[in-house]
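Data first, discussion second: the structure below is written as structure tokens.
The values are calculated or read from the model by the stated rules, or taken from the named source; none is laboratory data. Since the structure is predicted, the reported quantities are computational estimates derived from the model, not experimental observations. Heads up, the Cβs are rebuilt from the backbone with ideal geometry, glycines too, and the neighbour counts pull from every protein chain shown. Areas reflect the complete protein model, heavy atoms only, side chains present, ligands, DNA and RNA absent. Shrake-Rupley method; radii C 1.70, N 1.55, O 1.52, S 1.80 Å.
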Amino acid sequence: MEEVKQKIEQLRDEINRWNYQYYVLAKPAISDFAFDMKLKELEKLEAEYPEYDDPNSPTHRVGSDINKNFTQVKHRSPMLSLSNTYTEGEVLDFYTRTKKVLKSDFELVCELKYDGVSISLLYEQGELVQAITRGDGVVGDDITANIRTIKSIPLKLMGSGYPDVFEIRGEVLMPWPVFNQINEDRAEEGEEPFANPRNAAAGALKNQNPQVVAQRKLDAYFYYLIGRDLPYSTHYENLQAARSWGFKISDAVKKCETQEKVFEYIQYWDKERKNLPVTTDGVVLKVNSLRQQTGLGWTSKSPRWAIAYKFQAESVETRLLSVDFQVGRTGTVTPVANLEPVLLSGTIVKRATLHNASIMKAFDLHIGDWCYVEKGGEIIPKITGVNKASRTVLGERVTFITNCPACGTPLERREGEVAYFCPNHAHCDPQIIGAIVHFAQRKAMNLMAGPETIEFFYKKGLIKNTADLYELKMEDISCLEGWGEKSAANFIESVEKSKQVPFNRVLYALGIRDVGETGAKRLTGYFQNIERLSTASYDRLMSVDDIGERIAENVREYFADKENIELVARLKSYGLQFTLSITALAERTRILRGKTFVISGTFSQHSRDEYKELIEKNGGKNVSSVSSNTNYVLAGENMGPAKLEKARKLCIKIISEKEFLAMININR
Ligand code: IVH
């Protein structure tokens, strides 16, 4: 038996090495045929001896099991972004600022900014244990099974010197040739092509079936290590070490000691990147020394020790065929140009935004005009101008509409604003659908229903507003086209789960104009419940930090509308959170400093997790098992008899939830 185990391990090592030579170094060491034979040999042995199976075996790269939903996992450290710059002047500012703060010399590492899907991988004892998407930066999806199918990602590390536990972050990308092939196939099947390789990669990673992901031939580049025992005290050297462990680290990474070298790097790669097999949209500059990085620190959104410089967007010319007017969720009407299809930064563009009535008027557009199209940071391309010199015949002049294209209501414009909007918020289809889509999105109520599903439900007459989502039953949807028992159950479960979504996200989900995620946090933190918020005066609203006139007016306007009040009341009756949770309300104290708690049993006033959080917020510590070091056992109903016995034996104080709340001065 030991022999079989050894043979299996030897085969895995060999196959991992060949994979690395093929996918990371692009230097195949054996023929495809010989490789397949070895892989088959390993598969056979693993099938015969399932006791030696290992999720990190290279045979699992083809994807073996179907996983249903992704589990959401909290990042060990948040995945923040980089602050963007667009001009050499801004890069120079970063350089000068860094120099001033550090008061000493420093090296910068220049890297390419890969435009894919960011992921964070966790390795323990040299093995891949978890892969998480960026998600909202704090919580992401566990996509380990899908990530295992990417052949250039090491499942087991090579070499030595890697920390016992570390995270490595990078970007999953779809190479251009794979992207083009997939789009050709999609076109043949009559499916909508992917707009760009990033969307295609993101779509692939979201697939619930790893076998499908494996066919997508994704690749991954890595650029950031996090861990306590990294081998070097500099970023560049750690990246080189990571390369020796089997990760794909771009050859373009370069140390630059002077500003001139940084600019040379930017200029070189602005041209050269077009020859790369994957998309890049800029250069990232990072201070090399980890000690200096710590000295510079972070803002709430990004590190102060790094910036991104974004390459200038490419611009092309194409003809204007027609103009559509789209109505957004808050009623804003946006003009959209339909264009003669044109290739721009590798993708075909057919539509581009014309921004708003004022900009459109300034272009003095006529059908058939040659327009300049650019892709900014956003996915939606934009018209940046008209080449009037190329006008041969003057087509019909494009004018802004006066009535809503969806419901016919005359459009209005607010004082001091450029956008026209349809005021018929409650009865204009695209606005209603948009509001429900906003409500359901991940950052809000996180329902398992994207824009197509919501539109489908709406058009079928199943929902007319957000509250109707909570009335939907299994039997209403499982019989619908494209739905089954399972997908219906998943959707219903997500609706049920959304009743635990905290108040700040619920407020954001309501979609009050200009109330974003941060605004919602400020308002809920200040008013604590919907009753106080909905009756707050304009002046009171204005007194909240970061809340200005516009938000204050919009909040007043929202709650002055009887239909909105009724909607909120209905949502409340279904159990959505319209009050700050006890843990959000509790202040940090040191009341429980030095005290160790074991929580056991079930509770009636608050959840177990809430009690855990309350202990930590008040300076105490949670442990899982009773020992002589435990100070208190917080006991609920049905506490385990063994635990109770042990606590009694050790004379540990057993307290009820009421006693606990009194201890931390919460009397409710
Ligand atoms: S470093 C805290 N390096 O760009 C810094 N990011 O806009 C961690 N990205 O979320 C990121 N190439 O998804 C870093 N060479 C590179 C990158 C890179 C692409 C992405 C990454 C990040 C985003 C920030």
Per the C-alpha gyration tensor (a ≥ b ≥ c, the square roots of its eigenvalues), the stretch 238-292 is rounded if a/c is under 1.5, else prolate if a/b beats b/c, else oblate; here it's oblate
Taking 0.36 nm per residue of separation between residue 415 and residue 3 and subtracting their Cα-Cα distance, the length gained on full extension comes to 140.2 nm
How would you rank 209-220, 484-495, 44-55, 109-120, highest first, on the average number of other Cβ atoms within 10 Å across their residues?
109-120, 209-220, 484-495, 44-55
Going 7 Å from the Cα of residue 560 along its beta-carbon direction, which residues of the stretch 397-436 have the amide nitrogen within less than 19 Å of the resulting point?
412-417, 421-427
The chain: antiparallel bridges as % of DSSP beta bridges, rounded to 5, reads 85 percent
Could you check how much of the accessible area of the stretch 357-475 is carbon and sulfur, as a whole percent, using a 1.4 Å probe?
54 percent
Cross-link pairs 301/382; 621/653; 595/653; 27/151; 74/206 - those with Cα-Cα distance over 22 Å:
301/382
Return the unpartnered cysteines for the chain, using a Cβ-Cβ cut-off of under 4.7 Å.
110, 256, 371, 479, 651
Subtracting the Cα-Cα distance of residue 259 and residue 192 from 0.36 nm times their residue separation yields 19.6 nm
Explain nothing, just the number: relative contact order of the stretch 268-339, from Cα pairs under 8 Å at least 6 residues apart, as a whole percent.
22 percent
Run the numbers for residue 638 and residue 348: contour at 0.36 nm per residue of separation, minus the present Cα-Cα distance, in nm.
98.1 nm
Over all alpha-carbon pairs in the chain, figure out the percentage whose distance exceeds 46 Å.
30 percent
Rounded, prolate or oblate: which fits the stretch 1-128 when a ≥ b ≥ c are the square roots of the eigenvalues of the alpha-carbon gyration tensor, with rounded for a/c under 1.5 and prolate only if a/b beats b/c?
prolate
Could you work out how far apart the two model spin labels at residue 628 and residue 538 are, taking each label as a point 7 Å from the Cα in the direction of the beta carbon, and quote it in nm?
6.9 nm
When only C-alpha pairs under 8 Å and at least 6 residues apart count, what is the relative contact order of the chain, in percent?
8 percent
Points 7 angstrom from Cα along the Cβ direction at residue 206 and residue 125: gap in nanometres?
3.7 nm
Got the relative contact order for the stretch 81-187 handy, in percent, Cα pairs under 8 Å and 6 or more residues apart?
27 percent
Residue 299 to residue 497: FRET efficiency via 1/(1 + (r/R0)^6), r the Cβ-Cβ distance, R0 41 Å, to the nearest 0.05?
0.80
Rounded to 0.05, the calculated FRET efficiency for the beta carbons of residue 616 and residue 312 at R₀ = 35 Å is 0.15
Take the Cβ-Cβ distance between residue 651 and residue 393 as r, set R0 to 56 Å, and report the resulting FRET efficiency rounded to the nearest 0.05.
0.05
If each of residue 528 and residue 52 carries a label point 7 Å out from its Cα toward its Cβ, how far apart are those two points in nm?
6.4 nm
Taking the alpha-carbon centroid of each part, what is the distance from the stretch 288-350 to the stretch 386-428 in angstrom?
24 Å
Could you do me a favour and compute the accessible area per residue for the stretch 1-145, 1.4 Å probe, result in Å²?
55 Å²
State in Å² the accessible area per residue of the stretch 303-394; use a 1.4 Å probe, count heavy atoms of protein chains only, and round to the nearest integer.
46 Å²
Taking the alpha-carbon centroid of each part, what is the distance from the stretch 578-612 to the stretch 204-271 in angstrom?
41 Å
For the stretch 1-160, the accessible surface attributable to carbon and sulfur atoms (probe 1.4 angstrom, ligands and nucleic acids excluded) amounts in percent to 52 percent
